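Encoded as structure tokens, the structure appears first; notes follow it.
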Amino acid sequence: MMKKVSMLLAVCAALALIIAGPVSAKTIFLGIGTGGTGGIYYPYGGGVAEIWTKHVPNVRAVAEVTGASVENVKLADQGETVIGEVMGDVALAGYHGTAKFKGDKQNILTMAIMYPNLLQLVTLKDSGITNVEQVKGKTISTGSPGSGTNFMTEAVFKALGIPLDSYKDTRLSFTENANALRDGNIKLGSWCVGPGTSSIMDLATTHDIRIIPFTPEQTQKILDYNETYSAVELAGGVYNGVDEPVPTVGVWNVMICQKSLDTDLVYELVKALYAHNDMLCKIHPSAAYTTPENAAKFSPIPLHPGTIKYLKEKGIKVPDRLIP
């Protein structure tokens with residue numbers, strides 16, 4: 001009888017192992033550096049985390065609130081989040097160790113291209129500001145410290161010859177920008193984000209806003225200053241009361257990862273991201289730009305070998321400049 005019981009227990013144990021899967025399988029926890037809750041990075045990152053957790057075996061991903069682009073590059077380089085959402089100009093500076101990363105090249109590569117950001121300089125209509133050069137002597141916000149918004153706004157001001165000490169900078173987050181404009185504590189707030197961001201939309205429902213346009217001459221100076229920037233228009237009707245298109249500049253957003261991440265893991269992550277992009281599009285329409293073709297066209301830095309493996313499998317040619 002004891003022998004039969006022992007055999008039965010052994011069979012049950014074996015069945016349990018079969019059901020549970022290989023003992024060696026380990027859960028991989030992935031942190032995704034996003035931004036503040038008032039922009040698109042955070043909900044977009046939450047959607048990515050949901051896709052990976054549901055559709056990549058043994059992966060548990062979570063979106064983390066951060067200071068955005070500059071901080072996300074540093075976190076990925078240090079392995080604290082491993083994956084980050086960043087603006088292309090910041091990714092390029094981090095990869096080469098220039099600007100705010102001067103002399104310290106970051107160990108990052110591109111996983112995917114996300115969507116384009118548009119620089120949106122917002123003021124209230126009664127502020128009297130109609131040209132960006134009128135920020136001199138004013139209290140404004142160029143975006144939170146460590147953010148891509150702050151990085152790009154300062155780059156644009158430098159391109160236009162606006163000294164960084166010619167205005168008082170409060171460096172607020174998107175939500176804080178909107179509140180400070182609403183309360184009259186700043187005259188202008190800067191957003192570099194996908195159009196239709198909630199914090200500006202909310203402000204525009206209670207106050208008359210103006211998005212500051214760039215003149216053709218200003219635009220050309222900005223494009224000459226940074227190769228990752230493009231001339232774009234913010235479509236009319238995106239925000240209440242802003243009915244006409246607004247000439248501005250834009251930059252692509254990049255999903256970066258630590259260079260040392262396993263090739264097969266990145267391949268599986270990228271494969272799931274593209275296969276379930278419809279989930280992301282339900283969160284924000286800008287996710288329609290997250291395509292394999294755009295990764296090969298618009299990445300400002302080399303692609304991770306896992307991404308390259310996927311693109312080649314799909315018959316998409318990868319330019320030599322994007323092969324690490």
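FYI, it's all coordinate maths here, none of it is from the lab. Just so you know, these numbers come straight off a predicted model, no measurement behind them. All Cβ positions, even for glycine, are placed from backbone atoms using ideal geometry, and neighbour counts span all protein chains on display.
Each Cα pair under 8 Å and six or more residues apart adds its separation to the average, and for the chain the resulting relative contact order is 22 percent.
Annotation: extensible slack from H207 through K314 equals 33.7 nm (criterion: 0.36 nm per residue apart, minus Cα-Cα distance). Remark on L30: its backbone amide H falls under 5 Å from those of R60, A61, V62, a criterion applied only to residues 5 or more positions apart or on other chains, H modelled at 1.01 Å from N.
Computed over region 158-220, relative contact order equals 27 percent, with contacts defined as Cα pairs under 8 Å that lie 6+ residues apart. Note on the chain: helix-only mean residue ellipticity at 222 nm, from DSSP H runs of 4+ residues weighted -39500 (n - 2.57) and normalised by residue number, equals -12000 deg cm²/dmol.
For the pair region 174-244 and region 58-130, the centres of their Cα atoms are 19 angstrom apart. Rounded to the nearest whole Hz, the Karplus-based 3J(HN,Hα) values (6.51 cos²θ - 1.76 cosθ + 1.60, θ = phi - 60°) of region 121-134 follow the sequence 8, 10, 9, 7, 4, 8, 6, x, 8, 10, 9, 4, 5, 7, with x at glycine and proline.
Taking the fewest neighbouring Cβ atoms within 10 Å as the starting point, the ordered list for S69, S141, S286 is S286, S141, S69. Whole-Hz Karplus values for region 80-96 come out as 7, 10, 6, 10, x, 9, 9, 7, x, 5, 6, 4, 5, 5, x, 4, 8 Hz, taken residue by residue from phi with 6.51 cos²θ - 1.76 cosθ + 1.60 and θ = phi - 60°; glycine and proline positions read x.
With neighbour counts taken as other beta-carbon atoms within 10 Å, the residues V232, V254 rank, fewest first, as V232, V254.
A cut-off of 5 Å between modelled amide H atoms, ignoring neighbours fewer than 5 places along the same chain, links V242 with G237. Helix 263-275 versus the longest principal axis of the chain: what is the Cα-based angle in degrees, 0 to 90, to the nearest 10? Computed tilt is about 70 degrees.
State the antiparallel share, in %, of DSSP beta bridges confined to the chain, rounding to the nearest 5. Given both bridge residues lie in the chain, the antiparallel proportion sits at roughly 65 percent. Given +1 at the Cβ of Lys and Arg, -1 at the Cβ of Asp and Glu and no other charges, the dipole of the chain around its Cα centre is 1000 debye to the nearest 20. Once backbone amide H atoms are built at 1.01 Å from N, L124 has R210 as its partners under 5 Å, excluding neighbours fewer than 5 places away on the same chain. For region 118-251, relative contact order (Cα pairs under 8 Å, six or more residues apart, normalised by length) works out to 32 percent. If you wrap the tightest convex hull around every Cα atom of the chain and split its volume per residue, you get 160 Å³.
Note on M201, M111: ascending count of other Cβ atoms within 10 Å places them as M201, M111, the fewest first.
For region 118-251, the Kirkwood hydrodynamic radius from C-alpha pairs, put into Stokes-Einstein at 25 °C and a viscosity of 0.890 mPa s, yields a diffusion coefficient of 169 µm² per second.
With θ taken as phi - 60° and the Karplus curve 6.51 cos²θ - 1.76 cosθ + 1.60 applied, the whole-hertz 3J(HN,Hα) list for region 293-308 is 4, 5, 4, 6, 8, 10, 5, x, 9, x, 8, 5, x, x, 5, 4 Hz, x standing for glycine and proline.
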